[in-house]
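The structure appears below as structure tokens.
The values are calculated or read from the model by the stated rules, or taken from the named source; none is laboratory data. Model, not experiment: these values are computed from the prediction. So basically every Cβ, Gly included, is an ideal-geometry build from the backbone, and we count neighbours across all protein chains shown. All accessible areas refer to the heavy atoms of the entire protein, side chains included, with ligands and DNA or RNA removed. Shrake-Rupley method; radii C 1.70, N 1.55, O 1.52, S 1.80 Å.
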Amino acid sequence: MYKKKKIQSVLVDCQHGIGGILRVKPLTWGHGSNFGSPGIWVVTVLVNFYPKCPQPDLTLGLKRHTDPGTITLLLQDQVGGLQATRDGGKTWITVQPVEGAFVANLGDHGHFMSNGRFKRAEHQVVVNSNCDRFSIATFQNPAPEAIVYPLKIEEGEKAVLEEAITFQEMYVRKMNRDVNRPWLKKPVKDHQSYDFDHQSKLAPKLAENIFV
Ligand SMILES: O=C(O)CCC(=O)C(=O)O
Ligand SMILES: [Fe+2]
């Protein structure tokens, strides 16, 4: 069960924690940083609700994607359904829910900024026939006008980006590319693997039992 006040305070803690890791302060960055000039670090919170589905092998809760920002911190309930791939979608690993733990997910900006050293995680969400599912994602993004380019390129290394672009431009290019991805045209059951039997053993949950 998630308490609204607790979630708010956890989100603020996350924002400061991530700021510490990235060595930036939300809303107070100096000029010239990779997070925007004048710096604004945009944290977006998204509550995802996946209603139970009578035929879960025919659809996805969320299609395969990477998150555009720097880091996503995700709180999922105990139902499960998040999957990640390391081999371009051939196999999918289920990210088992751990009570009270966040999933930390690197996004496109994190990947570009580190010149590919930090791997962005491709992920998707499957649904199940027995339980509704909730997740809360907090996306840590640079400001729209922030310049996206590797912070450092070692000698002999190739930059993962051909040119420096704004985060806004990076986002638009990504969205345009993603709508033409070939896997979107394949039947859903060809690119998911999940233990649907396990799901049928979970007791259904009502929304009001999750948020109080
Ligand atoms: O619901 C989840 O587990 C993942 C949500 C997600 O990937 C997103 O909101 O970008
Ligand atoms: Fe995502």
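Per-structure values
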item	result
Accessible solvent surface per residue of region 36-89, calculated while the other protein chains remain in place, 1.4 angstrom probe, Å²	43
Highest-first arrangement of 151-157, 141-147, 173-179, 99-105, where packing means the average Cβ count within 10 Å	141-147, 99-105, 173-179, 151-157
Cα-based shape type of region 50-132, given that a ≥ b ≥ c are square roots of the gyration tensor eigenvalues and the cut on a/c is 1.5	prolate
Amide H contacts of Thr166 (H built 1.01 Å from N, under 5 Å, at least 5 apart or other chain)	Val148
Convex hull of region 121-181 built on C-alpha atoms - directionally averaged projected area, nm²	6.7
Amide hydrogen neighbours beyond the local backbone of Gly107, cut-off 5 Å, H modeled	Ile71, Thr72
Accessible area (Å², 1.4 Å probe, nearest 10) - Asp132	40
Listed peptides 87-93, 66-72 by packing density, highest first (mean Cβ within 10 Å)	66-72, 87-93
Under 12 Å, Cβ to Cβ, from Val148 - net charge with Lys/Arg +1 and Asp/Glu -1	-3
Residue-wise HN-Hα coupling along region 116-122, computed from phi with Karplus coefficients 6.51, -1.76, 1.60 (Hz; x: Gly, Pro)	x, 5, 8, 7, 7, 9, 7
Lys/Arg +1, Asp/Glu -1 at C-beta; region 102-169 dipole; positive extreme among Thr166, Gly110, Cys131	Cys131
